[in-house]
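Here the structure is laid out as structure tokens; the discussion comes afterwards.
The values are calculated or read from the model by the stated rules, or taken from the named source; none is laboratory data. Everything numeric in this text was worked out from a predicted model, so none of it was measured. FYI the Cβ positions are ideal-geometry reconstructions off the backbone, even for glycines, and counts take in every protein chain you see. These accessible areas exclude ligands, DNA and RNA; they are computed on the full protein's heavy atoms, side chains included. Shrake-Rupley method; radii C 1.70, N 1.55, O 1.52, S 1.80 Å.
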Amino acid sequence: MAVSVKNLDSREFFFGHKACAGCGGSLAVRIALKVLGARAVAVLPAGCMSAVGFNFPQLAFSNNALITPFAATASVMTGIEAGLRRRGEIAHVVGFAGDGGTADIGLQALSGAIDRGDNLIYICYDNEAYMNTGIQKSGLTPFGARTTTTPITGSVRRKKDMLAIVAANGAEYAASASVGYLDDYVTKIEKAAAKPGFKYIHVIAPCPTGWGIKTNETIEIAREAVDVGLWRLREYENGQWLENCAPSRPEDLVKHLTRQGRFSALDTDKLEETKNV
Amino acid sequence: MRLKPLPDTIPDCTAFEAGYLVTQNGGWRSERPVIDEAKCVKCRQCYLYCPDGTISQEISVDYDFCKGCGICAKICKPGAIAMRREADYA
Ligand SMILES: Cc1ncc(C[n+]2csc(CCOP(=O)(O)OP(=O)(O)O)c2C)c(N)n1
Ligand code: SF4
Ligand code: SF4
Ligand code: SF4
Ligand SMILES: [Mg+2]
């Protein structure tokens, strides 16, 4: 049966963590583990979710979880999956890596695991910068977003298309999602869990601290990014692309950007330009 | 809702065996969510979208770990959750 808010596991597997109030990334991890269950092994590289989840002697995960070297998320996942299989254990191996850990530093390990067709679920929680070390620009920071390494004009580069990269590498399944639309996110995780081979889910996860939004605006902003067409919900399956929905209110794009502090460097002309990047 | 050890159901690898939380997060709050039972329609959207998992499926708040982000109050369509000054509860 499809997982929904009605039959989601009532247990919390990511609880008591030290993420900032209103953190979108922590919601992405919490909900994914509720779908994948107690036996799922969570694999996290350096980044906010590992920093806020492992605070010895306090562990915020009640399933198995471990931290990998920053560049090695997918290759450590490969090893864990092989070990579990050797021992006859049946459990999902799920990675939770940030945008920096996925699109920049962990890209080679990710590509290797896709190439091997390993049976893994890799979730990139995308807060669009290296948040844990103080908001530096990553390959997934969008055009115009101010970070501590793009402090004047905001990023002059556009966001890498990770979904296309993963698909081009030959993943079994790739999908984008948003913490603003959890029903869709849950459905995609469930779908990934039922498939053999390498599965990739890229979930946009607003970060109040780095985005300059209020702690209670995380969900609204994550929904709006989809509604205005900045973040497209799509799936890649059986070699085919599927667009999940058309933007419902593209006219609100500028409003969506100006309510986020990180886009304060954009003047009117540049704001218009974001429509084309 | 609290973290419980799951010794029978997890492989014996890295999970911290005592599985307890030493420090709470309730002190982070400047505002707390207060639920008006009369207005609540039990849609569970607050439970679903809380990043900290501090609202149970029965819709009661765990004030030891709620950080007061206000997401639950904003997501609640019937307006059953009010954010109140934490200082008034000290
Ligand atoms: C090899 C290596 N280089 C750099 C670091 C420092 N570091 C730790 S977390 C982090 C930022 C991670 O950014 P991202 O992957 O986007 O995750 P986020 O913190 O945003 O959740 C960096 C640069 C490290 N731990 N290891
Ligand atoms: S800095 Fe951002 S991503 Fe990191 S814990 Fe805080 S809100 Fe979450
Ligand atoms: S969102 Fe509001 S109405 Fe729905 S369960 Fe929570 S408090 Fe009740
Ligand atoms: S205020 Fe935030 S942390 Fe507290 S119960 Fe509501 S959503 Fe959860
Ligand atoms: Mg990041």
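Here the ratio of the Cα radius of gyration of the stretch B:31-89 to 2.2 N^0.38 Å is 0.99.
When the pairs A:Lys18/B:Lys42; A:Lys18/B:Lys77; A:Lys159/A:Lys270; A:Lys18/A:Lys188 are compared against a 19 Å limit on Cα-Cα distance, A:Lys18/B:Lys42; A:Lys18/B:Lys77; A:Lys18/A:Lys188 fall above it. Select from A:Ser4, B:Cys69, A:Ser50 the residue farthest towards the positive end of the dipole of the protein assembly as shown; place +1 on Cβ of Lys and Arg, -1 on Cβ of Asp and Glu, and compute about the Cα centre. In the protein assembly as shown, that residue is B:Cys69. When DSSP beta bridges are restricted to pairs lying wholly in the protein assembly as shown, around 45% turn out antiparallel. Anyone know which of A:Val52, A:Val41, A:Val94 comes out most mobile in the 10 Å Cα GNM of chain A? Evaluated over chain A, the most mobile residue of the options is A:Val52.
Counting protein heavy atoms only, the stretch B:31-89 has 48 percent of its accessible area on carbon and sulfur, 1.4 angstrom probe.
How high is the relative contact order of chain A, in percent, counting Cα pairs under 8 Å that sit 6 or more residues apart?
Relative CO of chain A lands at 18 percent.
Couplings for the stretch A:189-206, taken from phi via the Karplus curve 6.51 cos²θ - 1.76 cosθ + 1.60 with θ = phi - 60°, read 5, 4, 4, 4, 5, 8, 9, x, x, 8, 10, 10, 10, 10, 10, 6, 9, x Hz in order; Gly and Pro are left as x. Taking 16 Å as the straight-line reach from the Cα of A:Lys34, the aspartates and glutamates in range (excluding those fewer than 8 positions away in the same chain) are A:Asp9, A:Glu12, A:Asp183, A:Asp184, A:Glu190, B:Asp52. Using the Cβ of B:Cys43 as centre and a radius below 15 Å, the other residues enclosed give a net charge of +2, where K and R count +1 and D and E count -1. Counting Lys and Arg as +1 and Asp and Glu as -1 over every other residue whose Cβ lies under 12 Å from the Cβ of A:Ala109, the net charge comes to -2.
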